[in-house]
Amino acid sequence: MGRVLAVCGLPGSGKGEFASVMESNGIPILSMGDMVRDEVSRLGIDESPGIFGEIAAQLRAEFGDDVLAKRLCDAVDELLDTNDIILIEGLRGTAEFDLFNSRWGDKFSTIAITASRETRFERTQTRGRSEDGDISAFEVRERRETGWGLDTLIENADITLPNESNLEEFHTNCDNWLQEFRK
C-alpha cells in the first residue's frame, strides 16, 4: 500500500504551491478546497470571499465535520492501487484528520506549511482567488478554520515546511523534501 499525505496550513501559507510541486513530480492531488468550490458551483451561488467558508460550514453542520474527508476516502483508495503517494490538499479539521488516520494508520502523514500572518495576507491579495478578500475577510476565514482545529493540525503535523521565502526557493525546498521522503 502507498502513502497518503495531507497538507494543511492557514490561508495563504502555500498549500496549493506545495501541491503543484507534488503534482509536477507525478503525485496525484485531491483538493478538499476544490470540493467546496465544486459545491458552490453546483448550487449556482455567486463566488465571493465569504461564500466558500459558509458552504463549508453548512456542509459540516449538515453532514458532520468529516463530510469532505468521507467523500474523499474512496477516491484516495482507488488512486493507491496505482500510485505510491497520494496528496490530499487542504486538510483543515481534526475530524478529517481522525477519519484519515483511522483509515490509513501508519501509511498516513500530515505536512504543515507555515508562514507569518503578514506574508500570508500579502499572498492572498495577489493570487486572484474569489474567496480572498480584505483583511477582515482574511481574519474571519482564519478564525473559522482554526475553529475546526487547523491550528492543532499545524502544531501536531508530522512534517513542517516553513514558507517565508520566494516562490522559486519554496519550490526547491519542496522538491528536496520529496526526494528525501521517497528514499
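Some points to look at:
- Value at 222 nm in deg cm²/dmol, rounded to 500, when DSSP H runs of n ≥ 4 in the chain each add -39,500 (n - 2.57): -17500 deg cm²/dmol
- Projecting label points 7 angstrom from Cα along Cα→Cβ for Asp46 and Ala61 puts them 2.2 nm apart.
- Computed about its Cα centre, the charge dipole of the chain is approximately 140 debye, with only Lys, Arg, Asp and Glu carrying charge at their Cβ.
- Extension reserve of the Asn166-Ser136 stretch, reckoned as 0.36 nm per residue once the Cα distance is removed: 8.3 nm
- Each listed q (0.16 Å⁻¹) maps to a log10 I(q)/I(0) for the stretch 81-137 from the Debye sum over equal C-alpha point scatterers, namely -0.72.
- In a reduced charge model with +1 at each Lys and Arg Cβ and -1 at each Asp and Glu Cβ, the stretch 103-144 shows a dipole moment near 240 debye about its Cα centre.
- The alpha-carbon of Lys70 sits under 17 angstrom from the alpha-carbons of these aspartates and glutamates, leaving out residues fewer than 8 places away in its chain: Asp34, Asp38, Glu39, Glu62, Glu78, Glu89, Glu96, Asp98.
- Using a Förster distance of 22 Å, the FRET efficiency for Asp158-Thr119 (Cβ separation, nearest 0.05): 0.45
- In nm, spacing of pseudo-spin labels at Glu180 and Arg127 (7 Å Cα→C-beta vector): 2.4 nm
- Accessible surface of the stretch 31-116 [probe 1.4 Å, protein heavy atoms]: carbon and sulfur percent: 44 percent
- Per residue, the accessible area of the chain comes to 49 Å², computed with a 1.4 Å probe over protein heavy atoms only.
- FRET efficiency for Asp77 and Glu23, using Cβ-Cβ distance with R0 set to 25 Å, rounded to 0.05: 0.80
- Note on the chain: Rg/Rh from C-alpha atoms, Kirkwood Rh, equals 0.94.
The values are calculated or read from the model by the stated rules, or taken from the named source; none is laboratory data. What you see is a predicted model; the values in this text were computed from it and never measured. So basically every Cβ, Gly included, is an ideal-geometry build from the backbone, and we count neighbours across all protein chains shown. Calculation scope for accessible area: heavy atoms of the full protein, side chains included, ligands and nucleic acids excluded. Shrake-Rupley method; radii C 1.70, N 1.55, O 1.52, S 1.80 Å.
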